[in-house]
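Where a number appears in this text, it was derived from the coordinates with a stated rule and is not lab data. Not measured: the values here are computed from a predicted model. Positions of Cβ are generated from backbone atoms using ideal geometry, with glycine treated the same way; all protein chains shown enter the neighbour counts.
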Amino acid sequence: MSTTAPGLHHDLPFDPAYGHTLDTLLAIAPPPDEPSDFDDFWTACYRRALAVDIAPALGPASRVGGHLVQSIHYTSTDGVRLGGWLTSPADGPIVRGTVYLHGYGGRAAPEPELLPPGTAAIWPCARGLGTASRLPGVPDNGAGHVLHGIDSAETYIHGGCVADVWCAATTLLRAHPAVAQQLAFVGDSFGGGIGAMAVAFDDRFHAVALGVPSFGHHPLRLTLPCTGSGDAVRRHHHQHPEVIRVLRYFDAATAATRVRQRAHVAAARFDPHVPPPGQFAVYNALAGPKTLHVLTAGHFDHPDAVMERSALNAARRDFLQE
């Protein structure tokens, strides 16, 4: 067993801080070799998503505490039918909207209490994940999902997941048009990385909150052992080095250089699942006004974890209602 910081004991065969200090993490730049057609690729993806007939179908509303909760299904690109939840205040006006995407653990229920009062939100399950969007032939675990279609930028599932966010935003805006004046995205881990790519090319969003975002700086991530989906990609790259050509299109740090909306990022200094250098690469690359919320650890239980999560939730609520 090794000790890396007070209260952070682990028996992993690598250092989940990767030898970094906060200063060195804040010095990590985005990948230097983005594809020359990066913007063209994502702009075309965005146009296809906006052209989709989302055909939303809402279930009956039930009151849960101070919120109305409904199941929702909508269509995304490739004709994929997705599920999730729509929540809104049971009483009082709706003054803002949020698209909230889950991590690789999926989502079994919405959590509207995480958001400020007056928020209408959609809680989509990205294609292949969660309890509502599983698909035949698509693994519903991180290690399998992250490799699905990875041999081509046109087929890689992360492109579809980004489109799922765009179509979720369209669905929320159709249900509650007034939130167009104050629409935000929130996502953690998998959801944070996918969200950075989505918000970079969708100016319908006015704010973005990312927690321990994944998929930042693939060239660096491919050199770092971890316990998350990045390890599956690293092993695949070892056998198929040419896959870097695809991954360059799906780099959250490269996308972050296009994010000019105000942003709040929670990044961890110690994380065995999503290496901190990738998380900070996303934060560092953001092009607009940004706030950094430093976590002791991500994807790792420690004595202050509950307190830190509570503080992060409070900081996010404040950020979202600015």
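Annotations
- Estimated at 0.36 nm per residue, the fully extended path between D37 and D78 surpasses their Cα-Cα distance by 12.6 nm.
- Structure remark: mean-square fluctuation, Gaussian network model of the chain, C-alpha springs under 10 Å; the largest value among V64, V52, V165 belongs to V64.
- Ranking of R269, R260 by count of other Cβ atoms within 10 Å, fewest first: R260, R269
- This ranking places R127, R47, R262 by how few other beta-carbon atoms lie within 10 Å of each, fewest first, which gives R47, R262, R127.
- Highest GNM mean-square fluctuation among A121, A44, A209, for the chain modelled with Cα contacts below 10 Å: A44.
- Considering only A263, A180, A200, the Gaussian network model of the chain with Cα springs below 10 Å gives its largest mean-square fluctuation to A180.
- For region 235-292, the alpha-carbon radius of gyration amounts to 1.30 times the rule-of-thumb value 2.2 N^0.38 Å expected for a compact globular protein.
- Semi-axis lengths, largest first, of the ellipsoid equivalent to region 221-322 are 27, 20, 8 Å, with √(5λ) applied to each eigenvalue of the Cα gyration tensor.
- Percentage relative contact order, the chain, counting C-alpha pairs under 8 Å, at least six apart: 19 percent
- Restricting the calculation to Cα atoms, the chain yields a radius of gyration followed by a Dmax of 18.6, 56 Å.
- In this label model, Q239 and A143 are separated by 1.2 nm, measuring between points 7 Å along each Cα→Cβ vector.
- Summarising the amide proton neighbourhood of V186: residues at separation of 5 or more, or on other chains, whose placed amide H is nearer than 5 Å comprise V99, Y100, L101, A209.
- Net charge, A49 excluded, C-beta distance under 11 Å - Lys, Arg +1, Asp, Glu -1: -1
- Counting DSSP beta bridges with both ends in the chain, the antiparallel % (nearest 5): 45 percent
- Proximal charge balance of H148 [Cβ under 12 Å; K/R count +1, D/E count -1]: -1
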